[in-house]
Amino acid sequence: MTDLALSILCSSLIFVIFKLYPRFQVQTLYAIIFNYMTACLVGFTLMEDFPDITLIPSYSWFPGTVLMGVLFIIIFNLMARTSQVLGVSVASVATKMSLTIPVVLGVLIYGEEMGMLKMAGVILALFAVYFSSLKNKHLPFNRRLLYLPALVFLGSGIIDASIQYFEQNVLSAGEFPLFSSTVFASAACCGLIYISFRATREKIVIAPRSILGGIALGVPNFFSIYFLLRALQNEVLNSASVFTINNVAIVMFSTLLGIILFKEKLSGRNWVGIGLAVLSIILVAAF
């Protein structure tokens, strides 16, 4: 449970750091790229022996890390775009409700047990995420932009399902840092390739604060994945329980951090969401 709690803490810090970017005029795209570079280096420092980088492509999981790296850079930027044009609440709902994808796959593919009470907990988790993310101020909604939250939902679910697959079928515990670092390195490479193409058409100016913002994001970003992989090896909780508790608790903890750090106000519906989240976690964890 300690690994799960640390993953929740690190994931919640990511939202806090994103919240601070506009205040410090951080360039989101460039910060995201430097974040992946930082996350990659953090992973390498955790290894007792620095790996021979030339041997990494020989690992069976390497092609998967390349695809996941592409997804990481795309989904992170889609999340930022969704937040900007449709609101943070819409992006949060789309991201966290993606927990349904690994949960369903855990039952259908891996044969994990899902009793009535645990299923009720998963359903309550979806309502908890929705109500916790509702805001008092309603943004004008453009139906033509529905593809943004749809892609965030699908992409986030695929990332979670991929992590679930590699943990269950491919990785050993000792490979977690190397695997995570390779995923982040792939994402960083994708970002650098994009910047290179962009630089051929326009002048690229990266502010030092964007580099610092990327470093600040990269450390919790790495550990959010690293500790999630460790949590999935829990002998008491199956993957469906881990993903449900992880996503719902992130919404709860992020909400509390918003109140404490940014003086955000909660509506009655937000408190209903928090209450449902607590009940959901109790049902999933206890049964």
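Summary of computed values
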item: Positive-pole candidate from 282, 100, 254, dipole of the chain, charges at beta carbon; result: 254
item: Relative contact order for the chain, counting Cα pairs under 8 Å that sit 6 or more residues apart, in percent; result: 44 percent
item: Test item: Cα-centred dipole of region 161-259, Lys/Arg +1 and Asp/Glu -1 on Cβ, debye; result: 500 debye
item: Label-zone membership for region 193-219, site residue 77, 7 angstrom Cα→C-beta point, backbone N under 16 Å; result: 193-206
item: Net length gained if the chain between residue 2 and residue 267 were fully extended (0.36 nm per residue, minus Cα distance); result: 92.3 nm
item: The chain: DSSP helices with Cα axial extent of at least 24 Å and average Kyte-Doolittle hydropathy no lower than -1.0; result: 2-20, 28-46, 62-86, 116-133, 147-169, 176-199, 208-231, 239-262, 268-286
item: The chain - charge dipole about Cα centre, Lys and Arg +1 at Cβ, Asp and Glu -1, debye rounded to 20; result: 1680 debye
item: Flagged links, alpha-carbon separation over 29 Å, of 96/265; 96/203; 96/118; result: 96/203
item: Rounded FRET efficiency, nearest 0.05, which uses the C-beta distance separating residue 234 from residue 58 and R0 of 35 Å; result: 0.70
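Read-outs throughout are calculated quantities, based only on the coordinates presented, and are distinct from any laboratory measurement. Please read all numbers here as calculations on a predicted model, not as lab measurements. All Cβ positions, glycine included, derive from the backbone under ideal geometry; neighbour counts span all protein chains shown.
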